[in-house]
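Worksheet: one structure, shown below.
The values are calculated or read from the model by the stated rules, or taken from the named source; none is laboratory data. Because the structure is a prediction, the values reported are computed rather than measured. Reconstructed Cβ throughout: ideal geometry from the backbone, glycine too, with neighbour counts over all protein chains shown. Please note that ligands, DNA and RNA were not included when accessible areas were found on the heavy atoms of the full protein model with its side chains. Shrake-Rupley method; radii C 1.70, N 1.55, O 1.52, S 1.80 Å.
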Amino acid sequence: MTILGISCYYHDSCAALIHDGRVVAAAQEERFNRDKYSPVFPIQAVNYCLQEAGLTIYDVDEITFYEKMYLKFERTVLSHLAGYPFTLRNFLDTMPLWLKDRLTVSATIEDELSIKRPVRYVKHHLSHAASGFLLSPFERAAILTVDGVGEYACAAYGSGSGTAIELRKEMHYPHSLGLLYSIVTAYLGFRVFSGEGKVMALAEYGEPSFLDEFRKIVHARSDGSFELDTSYFSFNRGDRMHNRRFEKLFGSPRPPGEELNDRHRNIAASLQRLTEIVLIDMVRHVARESGEKNLCLAGGVFLNVTANSRIREESDFQEIFIQPAAGDAGAALGAALYLYHSVLGNPRMPSLKSCALGASFSDRAIQVLLRNRGVRFRAMESDELVAEAADRLAAKQIVGWFRGRMEFGPRALGNRSILAHPGDPEMKDRLNLIIKHREAFRPFGASVLREHMAEFFEQDWSSPFMLFIARVHAAKIDAIPAVVHVNGSSRIQTVTSEENGIYYDLIEAFRERTGLPMLLNTSFNDSEPIVHTPEEALRCFEDTDMDCLVIGGYLVEQ
Amino acid sequence: MSARICNRCVLPEAPPDIRLDDAGMCNICHNFDEEQRCAEPDDRGLLETDFLKIIEKHRGKHEYDCLCMLSGGKDSTAALYYVKERYKLNPLVFTFNHGFVPDEHIASAQRTVEKLGVDFVYFQTNFMKDLFRKIVETKSKVVICPVCSLWYMLKTYEIAAQFDVPIIVSGWTKGQTTGSTRSVLSKCACDQNPDEFKAMTEATRRFMKEQVKTDPKYRDFPMTMEEVLRIAKKKYKSKAIVLSPHWFVPGGPDEYVPVIREQLGWEYTARSYPRQSTNCDLNFLASKLAMENYGYSVYHIEMSNMIRMGLVTREEALDLLEMDVDGEIFDDVLKKLNIEAQHQ
């Protein structure tokens with residue numbers, strides 16, 4: 001049985017392939033076409049997934065799509081009608097997209113993939129729910145999904161048991177936490193889809209002094225449901241989704257690039273606080289309603305690591321699972337999983353332990369590249385590479401680390417990473433300024449050996465996909481300043497020998513040299529999608545000031 | 001003094017077409033980099049699904065879905081294997097022998113055909129022998145391979161028309177394509193206008209005009225690949241398109257040679273130029289003359305492309321391109337051409 005899952009036309013388009021009872025490949029189109037958050041039909045990702053499995057499209061039994069486009073279209077038309085005549089221009093701008101691509105998904109698939117198969121459409125939040133639950137280690141669990149908007153739903157909850165998933169309640173557009181976060185992201189001068197993480201980071205520098213204002217526009221109930229007061233917004237009316245009334249409440253919007261001030265920081269902090277409050281209320285309600293001990297979370301809102309961590313600490317659930325590509329990319333996988341397990345009744349596959357579902361490149365291919373580019377390199381055995389890289393990291397060098405299969409989802413977890421010494425107080429600024437070319441307020445994550453986590457952090461649980469933050473022991477903050485955010489927390493990936501192989505060995509070797517069982521880990525890119533190929537890695541390495549690059553079995557120096 | 005060789009590919013300095021900068025890199029490599037840099041975001045190159053789009057238009061509508069050109073070498077054998085086993089097409093296989101293909105190569109092709117259980121057309125001719133002899137005797141700078149390819153492509157179209165086959169499948173590698181990947185499809189990979197081909201193309205044009213057109217025997221011989229396409233269309237009423245699966249899938253021989261070895265028992269032949277190829281014996285002479293006349297052969301162009309595409313290292317290419325045969329092979333070829341042997 002082979003199932004191809006597809007998501008596209010909004011952001012994070014993606015293809016995922018289930019074959020012979022396992023997820024063999026999943027990748028976002030942005031990694032291939034180098035257009036960050038690319039919304040286009042993921043033709044290159046589809047080709048990659050099939051080739052990774054040694055298959056062609058003829059071997060695919062079923063194709064699934066991550067949402068029901070006609071329902072979504074209905075909602076779009078109705079919401080435009082509701083705002084008529086002010087929405088007319090937006091309606092006319094939007095319709096070509098619908099007519100050209102979105103309403104013709106089946107035809108596009110047939111045309112692009114040269115295959116006549118009925119496409120199975122899975123509702124957006126059901127796709128999210130499946131991506132969370134069916135890859136989790138739980139036989140049964142409560143499920144909560146929250147994002148911008150699917151067809152109508154912006155949030156949903158229910159439960160999963162075995163291969164069955166039932167979503168019992170939904171919150172509908174426009175009452176959307178994800179949408180609100182994106183609206184404020186744009187209001188604060190950041191790009192929607194990429195800027196939400198910046199707002200989350202910025203929030204830690206502010207005070208939630210605008211919480212009351214937010215409560216005026218978000219009428220929250222104790223069960224976590226809420227209504228947005230739409231009089232503060234101008235949905236479907238132009239480029240910006242907030243209106244003058246919103247600006248009266250919060251002040252004028254920040255033009256992109258303008259210097260950030262306390263008001264911006266406080267708005268970010270207030271939005272983040274409100275998000276956490278609402279989510280915790282939702283989770284508590286889901287806990288009460290479901291009676292389950294475990295919780296699966298999915299949807300783009302659960303890329304908010306600060307909120308995730310509060311949920312983990314403050315909810316009554318014993319265990320929480322978040323699939324690494326919690327956003328719409330993961331929904332392609334979720335749609336395929338839903339069909340495979342819940343519709344077709346195939347038994348559950350082992351839980352997801354690693355998100356290394358993308359392409360790998362042979363040492364031979366890497367060596368051809370290095371030789372033809374005239375790059376000086378050293379071929380090394382794995383243990384030598386580990387020792388050499390650990391020595392350099394201990395000496396506060398910045399190391400590009402490109403090995404194995406590319407990660408699925410927005411995080412680099414030790415296969416396409418830039419690594420550095422977490423104990424260097426200047427490292428954060430060095431990285432932000434000369435490597436990543438990004439805002440100074442953005443923190444860096446840490447990859448920490450699981451068994452040593454409690455030595456540095458107040459929490460002692462697993463976070464294999466870097467979707468949680470942990471508070472650093474006050475006494476340890478000075479030891480790892482490069483990975484401690486202003487609030488005393490770190491975004492962490494816990495690393496085990498079983499799941500992370502050589503990456504574990506590297507951190508262990510670093511620990512032997514420095515006493516620190518962790519490395520600063522940031523994605524291998526510079527204002528572009530995370531590198532996919534050795535060529536992209538080499539280019540990024542050469543264009544930035546990394547000190548050395550470990551690429552496959554080779555070490556390259558600047 | 002031998003010409004400087006580009007420090008990235010294996011093309012020698014050959015002004016005005018191939019020029020090396022102060023750093024030792026040739027204009028062809030610079031052009032390649034520039035094309036990469038300027039590639040439009042939606043220029044995704046050729047994907048396997050693009051290949052499927054083409055073949056699905058024709059699948060099952062003719063007795064044979066495609067005509068596979070098979071030399072018995074790794075590239076055409078792998079192309080045939082893909083067509084039959086990966087894409088489940090019903091191919092007719094065509095092997096062309098102009099009289100200089102060693103028995104070993106023909107035997108390899110026959111083994112492959114038998115293993116795959118596909119229909120096979122074998123065509124042998126001495127028609128071009130006089131033309132080849134003329135090339136050697138007149139000391140023309142024309143390169144034999146492009147001239148030969150005009151004839152065998154015309155023959156291929158003729159057979160495609162005869163059997164009403166809509167697609168011609170070659171085993172041409174990524175390195176044998178020139179220009180952008182998209183233009184390859186429209187020109188059947190036969191664009192000979194890029195800089196590195198210019199001198200050879202001009203010599204071919206002159207030779208065809210002065211020596212071939214004037215010879216009654218070759219009056220109907222096509223002058224250019226464009227003319228081949230015109231004849232195919234007008235005389236044979238063939239709309240067949242030419243493509244190679246290798247253009248559409250990632251990787252190169254590293255990926256497919258192990259597959260055909262395992263699945264078909266395919267092996268490299270004992271004697272061929274460049275190494276690890278399966279080219280005809282005439283090719284030794286053709287390549288030698290090209291290197292004497294231009295400093296490089298068509299294989300240097302192919303290998304250089306493959307270097308730029310990251311499929312082979314420059315060192316490997318130089319090694320494969322080294323011609324370390326004794327003179328006997330040249331004597332054999334010249335003897336076949338009825339020219340007195342010149343080598344010891």
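Go through the residues of the stretch A:30-49 one by one and say whether even a single one is small (Gly, Ala, Ser) and at positive phi. Talk me through it step by step, then tell me what you get.
Step one: of the stretch A:30-49, the residues small (Gly, Ala, Ser) are A:38, A:45.
Next, from what is left, pick out any that are at positive phi: none.
No: zero hits.
Please find, within the stretch B:297-318, the residue that is most open to solvent (accessible area, probe 1.4 Å) out of those that are assigned to a helix (DSSP H, G or I) and within 11 Å of chain A (Cβ to nearest Cβ).
Only one residue fits best here, namely B:Glu315.
Within the stretch B:256-274, track down each residue that is among the acidic types (Asp, Glu) and under 20 Å from the mean Cα position of the chain (by Cα). Write out each step before concluding.
Step one: filter the stretch B:256-274 for residues among the acidic types (Asp, Glu), giving B:262, B:267.
Result: B:Glu267, single match.
Across the stretch B:232-246, what is the number of residues that are surrounded by fewer than 17 Cβ atoms within 10 Å (Cβ to Cβ) and assigned to a helix (DSSP H, G or I)?
2
Working only within the stretch B:248-284, note down all residues that are in contact (Cβ under 8 Å) with a residue 24 or more places away in the chain and farther than 17 Å from B:Gly73 by Cα.
Residues satisfying the conditions are B:Phe248, B:Val249, B:Gly251.
Quick check: is even one residue across the stretch A:368-387 within 23 Å of the chain's Cα centre (by Cα) and open to solvent by less than 50 Å² (accessible area, probe 1.4 Å)?
No.
If I filter the stretch A:305-327 down to residues being farther than 23 Å from A:Lys198 by Cα and surrounded by 20 or more Cβ atoms within 10 Å (Cβ to Cβ), which single residue comes out as nearest to the chain's Cα centre (by Cα)?
A:Phe321
If the requirement is being closer than 17 Å to A:Phe441 by Cα and out of contact with any Gly (no Cβ under 8 Å at 6 or more places or on another chain), which of these qualifies: A:Leu249, A:Leu260, A:Leu228? Full working, then the answer.
Working: A:Leu249 fails: closer than 17 Å to A:Phe441 by Cα; A:Leu228 fails: closer than 17 Å to A:Phe441 by Cα.
Only one candidate passes the filter, namely A:Leu260.
The rows are residues; the columns are (1) surrounded by 14 or more Cβ atoms within 10 Å (Cβ to Cβ); (2) over 24 Å from A:Thr76 (Cβ atoms); (3) in contact (Cβ under 8 Å) with a residue 40 or more places away in the chain.
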site: A:Val199; (1), (2), (3): yes, yes, yes
site: A:Glu204; (1), (2), (3): yes, yes, yes
site: A:Pro208; (1), (2), (3): yes, yes, yes
site: A:Ile217; (1), (2), (3): yes, no, no
site: A:Ser225; (1), (2), (3): yes, no, yes
site: A:Arg237; (1), (2), (3): yes, no, yes
site: A:Phe250; (1), (2), (3): yes, yes, yes
site: A:Gly257; (1), (2), (3): no, yes, yes
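(1) facing chain B (nearest Cβ under 9 Å); (2) surrounded by fewer than 22 Cβ atoms within 10 Å (Cβ to Cβ); (3) not hydrophobic (A, V, I, L, M, F, W, C): which one isn't true of A:Asn47, the others all being true?
(2)
For the stretch A:131-163, give me the residue count where each residue is in a strand (DSSP E or B), buried (at least 24 other Cβ atoms within 10 Å of the Cβ) and of a type outside the set (Gly, Ala, Ser).
6
Name every residue in the stretch A:457-482 that is in a helix (DSSP H, G or I) and either open to solvent by less than 10 Å² (accessible area, probe 1.4 Å) or more than 19 Å from A:Asp424 (Cβ to Cβ) (or both), in order of residue number. Write out each step before concluding.
Residues of the stretch A:457-482 in a helix (DSSP H, G or I): A:474-479, A:481-482.
If the condition is that a residue be in a helix (DSSP H, G or I) and either open to solvent by less than 10 Å² (accessible area, probe 1.4 Å) or more than 19 Å from A:Asp424 (Cβ to Cβ) (or both), then A:Ala474, A:Ala482 are the ones that fit.
So, in the stretch A:347-375, exactly how many residues are within 14 Å of chain B (Cβ to nearest Cβ) and farther than 28 Å from A:Pro410 by Cβ?
9
Applying the selection to the stretch B:46-58, what residues are facing chain A (nearest Cβ under 9 Å) and part of a loop (DSSP other than H, G, I, E, B)?
Answer for the stretch B:46-58, where residues must be facing chain A (nearest Cβ under 9 Å) and part of a loop (DSSP other than H, G, I, E, B): B:Leu47, B:Lys57.
Please specify each residue of the stretch B:208-258 satisfying the condition of being under 28 Å from B:Ala317 (Cβ atoms) and more than 14 Å from chain A (Cβ to nearest Cβ).
Keep residues of the stretch B:208-258 that are under 28 Å from B:Ala317 (Cβ atoms), which gives B:225, B:242-258.
Within the stretch B:208-258, B:Met225, B:Val242, B:Leu243, B:Ser244 meet the criteria.
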